[in-house]
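Nothing in this text is a laboratory measurement; each read-out follows from the coordinates by a stated rule. All values reported here derive from a predicted model rather than from experimental measurement. Backbone-built Cβ (ideal geometry, glycine too); neighbour counts: all protein chains shown.
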Amino acid sequence: MEPHPSQRPPDAGPPSGSGVSPRTLVTGGSGFIGSHLVEHLLATGDHVTVIDDLSTGRRSNLPAGHERLRFIEADLAGALSVLGPGERFDRIFHLAAAVGVKLVVENPARCIRTNIELTERLIEFALGHGPREGSPAPTLIASSSEVYGKADKTPFSEDDDVVYGPTSRTRWSYGMTKAIDEYLALDAHKRLALPAMVVRFFNTTGPRQVGSYGMVLPSFVAAALKGEDIPIFGDGKQVRCFVDVRDVAEVLPRLLAEPRAHGVVMNLGSDRPVTMEELADLVVRTLGSPSRKRFIPYDEAYSAGFEDLRRRVPDLGRVRAAVGFSPRFTLEQTIRDVADAMREGGGPG
């Protein structure tokens, strides 16, 4: 779907490189992480162009009528094809992707096409739409801890080997597609001089995240607010580390602005481990909920033969060395804020 002309105003902000304010493109900018990043960029003075087809994002996640925000509702390939040669960007954040374990398991073909084809198109666009004619735009490619697959190591560092299950288990197709995205970005940096970097997100959560696509914390919080049983898939002993999306949004521009990060893959998350059962208990305590825990076998929750990783903890040494990353939000505060956002939005779920 091509963007309507009304979505492409003639005056979309000052030209890139003018010294007035950065021109920034965010793909998937009305999604969970994207909308928080856009909010941060607007607060720091950027002129922001968002491209999103609203397949998983929400227009209501973004401010209405903001003078420095241009929103293009379209699929990414269509939008990029109609953005003219005069479109210049100081930086690009590529967050558009098919996300969530539930969505991946139910429609792996869609995830594969979305994650690989759109990243390839975005990189081609970034190579010629930088601050000056013919220059590349510094580009951050969003990846995922799913890239590590089911490798048996703790913590995961960026240069570790990756291990996937068989192709008959659609669970692993998402991690494979994000690994291909990383190859594309690193090749463009090495071979075509694109100032690109890759960020592997580890269980980012917070306000605006929804449980519809298999996101665990909003699912737990929604159940707790209703006083319903909290659904825990498997035995609840799986270990994850949750980072608040607001911490992530603040650090992404700093990472992309760091030349030493270009051509590099970086983990981004928290290194406070928690089991899924402990997370459910924490949600109940934090919200004062009467909810009980209900364990659901993987075969019932997803499909027969579903495989999952028992422990996923990141090594954050690289991102700390690059920009001094240190999360500000505790998991308890994130839980309270997710609950408040659900209440304000008309109820949990």
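Would you mind working out the magnitude of the charge dipole of the chain relative to its Cα centre, with +1 at each Lys and Arg C-beta and -1 at each Asp and Glu C-beta, to the nearest 20 Debye? Before the final figure, lay out the partial values.
Values: 41 positive and 45 negative charges, 68 e Å.
Value, rounded to 20: 320 debye.
Which of Glu278, Glu250 has the fewest other C-beta atoms within 10 Å, and how do the rest follow up to the most?
In order of increasing Cβ crowding within 10 Å: Glu278, Glu250.
Which value results when the Cα radius of gyration for the chain is divided by 2.2 N^0.38 Å?
Normalised by 2.2 N^0.38 Å, the Cα Rg of the chain equals 0.97.
So how tilted is helix 32-43 from the main axis of the chain? Cα-based, degrees 0 to 90, rounded to 10.
So the helix axis and the longest Cα principal axis differ by about 50 degrees.
Please state the Cα pair-distance histogram of the range 224-333 with 5 angstrom bins from zero: what percent is in each bin?
2, 11, 16, 17, 15, 14, 11, 8, 4, 1
Once phi is turned into θ = phi - 60°, what whole-Hz ³J(HN,Hα) does the Karplus curve with 6.51, -1.76 and 1.60 give for every residue of the range 231-245, x standing for Gly and Pro?
Each residue's phi maps through the Karplus curve to give x, 10, 7, x, 8, x, 8, 5, 9, 9, 10, 10, 10, 6, 4 Hz.
Beta carbons within 10 angstrom, averaged per residue: use that to sort the peptides 68-75, 22-29, highest first. Present the calculation step by step, with values, prior to reporting the outcome.
Details: 68-75: 19.9, 22-29: 27.0.
Those peptides, ordered most packed to least, come out 22-29, 68-75.
If amide H atoms are built 1.01 Å from N in the plane of the peptide, which residues on other chains or at least 5 residues away come under 5 Å of the amide H of Lys293?
Here Ile230 satisfy the definition.
From the helices alone, meaning DSSP H stretches of at least four residues, give me the mean residue ellipticity at 222 nm for the chain, per-run term -39500 (n - 2.57), in deg cm²/dmol to the nearest 500. Can you show the working numbers first?
Details: 11 runs with 126 residues, N = 349.
Dividing the helical sum by the residues of the chain leaves -11000 deg cm²/dmol.
Report the number of Lys pairs in the range 146-265 whose alpha-carbons are under 25 Å apart, with separation of 8 or more residues or on distinct chains. Don't jump to the answer; show the numbers that get you there.
Values: Lys150/Lys178; Lys150/Lys237; Lys153/Lys178; Lys153/Lys237; Lys178/Lys190; Lys226/Lys237.
Lysine pairs, 8 or more places apart or on different chains, close enough: 6.
Grab the eigenvalues of the alpha-carbon gyration tensor for the range 102-200, scale each by 5, take roots, and send me the semi-axes largest first in whole angstrom.
Details: eigenvalues 151, 54, 16 Å².
After scaling each eigenvalue by five and taking roots: 27, 16, 9 Å.
What is the spread of the Cα atoms of the range 135-245 along each of their three principal axes, largest first, in whole Å?
55, 32, 26
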